[in-house]
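Quick notes on the structure that follows.
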Amino acid sequence: MHAPAKGKDEGEAWLSCHPPGKPTLYGSLTCQGIGLDGIPEVIASEGFVVNEINKKSIHISCPKENASSKFLAPYTTFSRIHAKSITCLDISSGGGLGVSSSTDGSMKIWQASNGELRRVLEGHVFDVNCCRFFPSGLVVLSGGMDAQLKIWSAEDASCVVTFKGHKGGILDTAIVERGKNVVSGSRDGTARLWDCGRSACLGVIADCGCSINGVAVGAADNSINLGSPEQTPSEREVGTESKMLLLAREDKKLQCVGLQSRQPVFLFIGSDAFNCCTFLSGFLLLAGTQDGNIYQLDVRNPRAPVQVIHRSGAPVLSLLSFRDGFIASQGDGSSFIVQQDLDYVIELTGADCDPVYKVATWEKQIYTCCRDGLVRRYQLSDL
């Protein structure tokens with residue numbers, strides 16, 4: 001279901017329910033005033049039901065289509081971190097810091113609680129495409145359009161390592177275990193493995209001949225045969241054994257290879273360019289396409305998807321494993337949480353029609369970054 005954000009005082013919001021393969025159902029919500037407890041009194045038009053409402057969320061069902069959504073408003077919004085579209089963000093493992101990159105050319109570290117600026121990370125030549133914390137939460141990994149991969153100290157903002165070797169912009173990165181090795185995917189069509197201690201390339205893991213838009217590393221279930229490396233792996237490779245590398249490719253292919261073996265595990269052809277991918281377990285994964293499909297695949301039988309989720313034709317821009325489900329964001333401003341034990345979808349509202357490029361979580365807090373230049377923080381406890 002979708003409910004476009006409306007002004008607080010307008011008193012009306014539109015609803016739409018999109019059952020797969022059937023006509024869209026439209027309805028509206030009307031606010032009839034504010035109760036004594038400060039909670040709005042809202043009624044839904046025919047075919048829709050308001051199950052529950054509080055100050056930050058509203059639960060709406062469409063019984064005819066067995067659809068149910070909880071719309072959650074941001075707990076707080078940070079507007080002063082960046083001046084323009086925010087392309088990537090991450091939250092440190094302790095939940096204290098955020099890092100983000102923007103088309104204003106900057107990459108910044110800020111306090112996750114209030115958005116207060118802590119450090120500016122300067123050194124990439126062009127825009128930074130991706131940034132993330134190492135598991136320690138003290139170090140940041142970034143990739144830029146300048147084909148450089150950099151490691152930064154979150155404490156003093158110094159750039160401690162620069163990796164050179166890619167011939168095109170770096171679009172995504174992944175960290176192997178505690179971070180002695182990292183992986184990058186680039187517009188030059190290659191995925192590379194790097195040794196952080198010696199700032200050296202340990203090898204080209206895959207050469208696709210097209211942009212690699214997303215990468216993910218996951219520990220493989222024992223039942224999965226990752227093959228054996230043709231040459232003895234360098235002793236500088238740490239934690240690559242029994243790991244899978246997933247590549248979301250521009251040529252509509254999703255590729256999985258053994259990270260240490262460099263051997264193919266599967267190649268899946270989707271409906272459009274793959275933008276992002278993530279592992280849910282040792283054999284389950286998700287990948288999102290430019291035309292709005294989220295494929296759930298089982299590595300043990302990748303030919304037939306476990307399921308394909310299609311909510312709209314907008315590009316799927318980020319996917320993140322979350323509890324026993326996932327969080328996805330799309331180019332139409334929607335971001336939503338699907339969990340196995342919930343019979344409703346949680347919709348994170350506020351971005352209206354601006355793409356939500358990335359989602360990050362820390363415990364019960366969810367952070368999103370958007371083309372409108374805002375970081376939004378949601379509290380799941382507000383549900």
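The values are calculated or read from the model by the stated rules, or taken from the named source; none is laboratory data. Everything numeric here is computed off the predicted structure, so don't read it as measured data. Glycine gets a Cβ as well: all are built from the backbone with ideal geometry, and neighbour counts include every protein chain shown. Just so you know, the surface numbers come from the protein's heavy atoms only, side chains and all, with ligands and any DNA or RNA stripped out. Shrake-Rupley method; radii C 1.70, N 1.55, O 1.52, S 1.80 Å.
For THR87, the amide hydrogen comes within under 5 Å of the amide hydrogens of SER101, SER102, THR103, counting only partners 5 or more places away or on other chains and with H modelled in the peptide plane. Cross-link partners of LYS84 among lysines, defined as those whose alpha carbon lies under 26 angstrom from its own and excluding same-chain residues fewer than eight positions apart: LYS6, LYS8, LYS108, LYS150, LYS358. So, in Å, what gap is there between the alpha-carbon centers of the stretch 81-105 and the stretch 263-284? Each part's Cα centre sits 26 Å from the other's. Of the beta bridges in the chain, as assigned by DSSP with both residues counted there, near 95 percent are antiparallel.
Close amide H contacts of LEU121 (hydrogens built in the peptide plane, cut-off under 5 Å, sequence separation of 5 or more or a different chain): MET107, LYS108, ILE109. Looking at the stretch 169-212, the trypsin sites (Lys or Arg not before Pro) that sit in a DSSP loop and have at most 12 other Cβ atoms within 10 Å of their own Cβ are ARG178, ARG198. Per-atom-type breakdown for the stretch 124-210 gives carbon and sulfur 47% of the accessible area (1.4 Å probe, protein chains only). Residues whose amide H comes within less than 5 Å of that of SER186, counting only those at least five positions distant or on another chain, are LEU171, ILE212 (H built at 1.01 Å from N in the peptide plane). 3J(HN,Hα) along the stretch 256-262: 10, 10, x, 5, 7, 6, 6 Hz, from the Karplus curve 6.51 cos²θ - 1.76 cosθ + 1.60 with θ = phi - 60°, whole Hz, x for Gly and Pro. Of the solvent-accessible surface of the stretch 12-72, computed with a 1.4 Å probe over protein heavy atoms with every protein chain present, carbon and sulfur atoms account for 56 percent. The phi-based Karplus calculation (6.51 cos²θ - 1.76 cosθ + 1.60; θ = phi - 60°) puts the 3J(HN,Hα) values of the stretch 303-309 at 5, 10, x, 4, 7, 10, 9 Hz, whole numbers, x for Gly and Pro.
Using only side-chain charges placed at the Cβ, +1 for Lys and Arg and -1 for Asp and Glu, the dipole size of the chain relative to its Cα centre rounds to 680 debye. Ordering LYS358, LYS64 by accessible surface, largest first, gives LYS64, LYS358; the 1.4 Å probe counts only protein heavy atoms, with every chain in place.
Annotation: per residue accessible area for the chain equals 44 Å², rounded to a whole number [probe 1.4 Å, protein chains only]. Rounded to the nearest Hz, the phi-derived 3J(HN,Hα) couplings of the stretch 219-231 under the Karplus curve 6.51 cos²θ - 1.76 cosθ + 1.60 (θ = phi - 60°) are 6, 8, 4, 4, 6, 8, 8, 8, x, 10, x, 6, 10, where x marks glycine and proline.
Under the rule a/c < 1.5 gives rounded, and otherwise a/b versus b/c splits prolate from oblate, where does the stretch 287-361 land using the Cα gyration tensor? Verdict is oblate for the stretch 287-361.
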